[in-house]
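Trainee: First the structure, then my questions, so here it is.
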Amino acid sequence: MMSMYFVDYSIILPLIAVALTQLADIWTTLRFLKHGYTELNPFIGWAMKTLGTYGWILVKLLMIAAVSCAAYFYDQMVWLYLVSAVTGLVAVNNYRLVK
């Protein structure tokens, strides 16, 4: 019997990678800021000043959602792996600075 639901498994692994690295980046950025460091990304820095301590997280998640949708629409899952790699490196650097 065929399932009534269609799941595109080619996007699940990249989305899991993006979700985990985004969570790591958010967590380490919050720790990073708590230790007196400043955000180096000018757009996120602006969002932090404009939207407050946690409002920037919504902006960040909306941006990554847009990238994820574009990657799926254009069938370019490699974009998500690239975003995950860069975000993972940022999270590792933040963690290294405040451990």
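Computed from the coordinates by the stated procedures, all read-outs in this text should not be read as laboratory data. Just so you know, these numbers come straight off a predicted model, no measurement behind them. Glycine gets a Cβ as well: all are built from the backbone with ideal geometry, and neighbour counts include every protein chain shown.
Trainee: I need the calculated FRET efficiency for the pair Arg31 and Leu62, taking r as the beta carbon distance and R₀ as 35 Å, to the nearest 0.05.
Mentor: 0.95
Trainee: Among Thr87, Thr50, Thr28, determine the one that fluctuates most according to a GNM of the chain built with springs between C-alpha atoms less than 10 Å apart.
Mentor: Evaluated over the chain, the most mobile residue of the options is Thr50.
Trainee: Can you tell me, using C-alpha contacts under 8 Å and at least 6 residues apart, the relative contact order of the chain as a whole percent?
Mentor: Normalised by residue count, the contact order of the chain is 47 percent.
Trainee: So what's Rg/Rh here for region 1-48, counting alpha carbon atoms and using the Kirkwood radius for Rh? It would help to have the intermediate numbers written out before the result.
Mentor: Details: Rg = 17.5 Å, Rh = 13.5 Å.
Value, to two decimals: 1.29.
Trainee: For Kirkwood radius over Cα pairs in Å, pick the label among (1) 14.2; (2) 16.5; (3) 14.7 that corresponds to the value derived from the coordinates.
Mentor: Checking each listed value against the structure points to (3).
Trainee: When the chain is treated as a GNM, springs tying every alpha-carbon pair under 10 Å, which of Leu40, Leu61, Leu20 comes out with the largest mean-square fluctuation?
Mentor: Leu40
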